[in-house]
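A short write-up of the structure that comes next.
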Amino acid sequence: MDRFLVKRAPGGLLGKRQQEQTGEGPEELGGDKESSRKRPRRETSGNGVDLAGLSWQHIRAEGLDCDYTVLFGKAEADGIFQELEKEVEYFTGALTRVQVFGKWHSVPRKQATYGDTGLTYTFSGLTLSPKPWLPVLERIRDRVSLATGKTFNFVLVNRYKDGRDHIGEHRDDERELAPGSPIASVSFGACRDFFFRHKDSRGKHPSRRMEAVKLQLAHGSLLMMNHPTNTHWYHSLPVRKKILSPRVNLTFRKIVPIKK
Ligand SMILES: O=C(O)CCC(=O)C(=O)O
C-alpha cells in the first residue's frame, strides 16, 4: 500500500490517498454470479444527452453516484493516446516499488503525476511535486471541465502495458481531495473491466452482501466518480490476461493544499 500526501510547497501535509498496489482484482465478481444479492440500480434507460451532445449513463447504487460517457470519438482518442505515449514521463527507480506489510513489490503498472505549480505531495514517504501540465493533459482536463462544469488541479496517470498490469481494490482517500469534489477518470487504449465493491461487502466475513458494480471503461471514455462514491465503495482494475494491448488512465482530481 502506498500513500499520496498532498500539500502546498513547502507547507504541511494535506491528506492521503491510499492504494492497494498489488492485489489482484475481483475477477469472480462478474455480477451474474451474485444475482441473489441486492442489485444496484443502473439508470441506463433514461440516459441524459447534454448540451454538448454527450450521452450519459448514470450509475447509481447505495452511496454510489457515477456518470459515464464517451468523451472523445475514436479518431481523436487515437491521436491523444499516441501523444500520451510519446509525452508522459513515468516514475522510475524507487517510485516504481511499494512496500506492503514490510515486503517490497514492483507496482504492477507505470505511474506519473502532473498538476498545478506549487502543489507537492508525498508518495511512498517522499515529498514530490507533480510535473507541470503537458499540453495534451491540459486539453483533456479542459474537455472534462467543459463537459462537467468541474475543475481540477492534479492528475494521476496510470499506464497498464497489457492485461497483466492492474490496480488492486482501494479508495481514494477523501482527505486529500477538496470536500465533495468528484474524480474524473479518462481512459485511452484497451477497454478494461472496472469494479466497485461496497466497503461493507469486503473480506471473508462481510457484514452485508451487496453486489459489486462492474463497468467497462472504453477508449476515449470519461467516468465521473461523484461524492460520496469514494467514501463507501472501493474500486479496482483487475488482471485480464487475454488483453495484450496497453491502456492509459488519467484520474483528474482537485486537491486542497494545506496551509503551513
Ligand atoms: O485505471 C483505472 O481505471 C483506475 C485508476 C485508479 O483506480 C486510480 O487512479 O485511483
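Points worth noting:
- Yes/no for Asp162 being touching a residue at least 12 places away in the same chain (Cβ under 8 Å) and more than 9 Å from the ligand (Cβ to nearest atom): yes
- Within segment 82-108, restricting attention to residues that are among the acidic types (Asp, Glu) and touching a strand residue (DSSP E or B) at 6+ places or on another chain (Cβ under 9 Å), the residue that is surrounded by the fewest Cβ atoms within 10 Å (Cβ to Cβ) is Glu89.
- Breaking point among (1) surrounded by fewer than 22 Cβ atoms within 10 Å (Cβ to Cβ); (2) more than 13 Å from the ligand (Cβ to nearest atom); (3) β-branched (Val, Ile, Thr), for Ile255: (1)
- Within segment 109-131, the set of residues being open to solvent by less than 20 Å² (accessible area, probe 1.4 Å), assigned to a loop (DSSP other than H, G, I, E, B) and touching a Ser or Thr at 6+ places or on another chain (Cβ under 8 Å) comprises just one member, Pro130.
- Residue count for segment 103-129 satisfying the condition of being under 27 Å from Pro238 (Cβ atoms) and modelled with pLDDT of 90 or more: 12.
- Scan segment 143-185 for residues that are assigned to a loop (DSSP other than H, G, I, E, B), under 10 Å from the mean Cα position of the chain (by Cα) and among the hydrophobic types (A, V, I, L, M, F, W, C) and the total you get is 0.
- Within the set Val107, Val144, the sole residue that is within 16 Å of the ligand (Cβ to nearest atom) and more than 29 Å from Lys241 (Cα to Cα) turns out to be Val144.
- Cβ-Cβ contacts under 7 Å between residues 6 or more apart (or on different chains), taken from a first residue in segment 197-218 that is more than 15 Å from the ligand (Cβ to nearest atom) to a second residue that is of a type in the set (Ser, Thr, Tyr), are listed as Lys199/Tyr234; Asp200/Ser207; Arg202/Tyr234; Arg208/Ser201; Arg209/Ser201; Met210/Ser201.
- Whichever residue in segment 148-158 is surrounded by fewer than 20 Cβ atoms within 10 Å (Cβ to Cβ) and on the phi < 0 side of the Ramachandran plot and, among such residues, is nearest to the ligand (Cβ to nearest atom): Lys150
- Cβ-Cβ under 9 Å pairs, at least 6 apart or on other chains, segment 137-149 side at pLDDT 95 or above, far side buried (at least 19 other Cβ atoms within 10 Å of the Cβ) and acidic (Asp, Glu): Thr148/Asp67
- Condition check for Leu222: within 14 Å of the ligand (Cβ to nearest atom), modelled with pLDDT under 95 and crowded, with 22+ Cβ neighbours inside 10 Å: no
The values are calculated or read from the model by the stated rules, or taken from the named source; none is laboratory data. Computed from a predicted structure; not experimentally measured. Glycine gets a Cβ as well: all are built from the backbone with ideal geometry, and neighbour counts include every protein chain shown. The accessibility values were calculated without ligands, DNA or RNA, using every heavy atom of the protein model including side chains. Shrake-Rupley method; radii C 1.70, N 1.55, O 1.52, S 1.80 Å.
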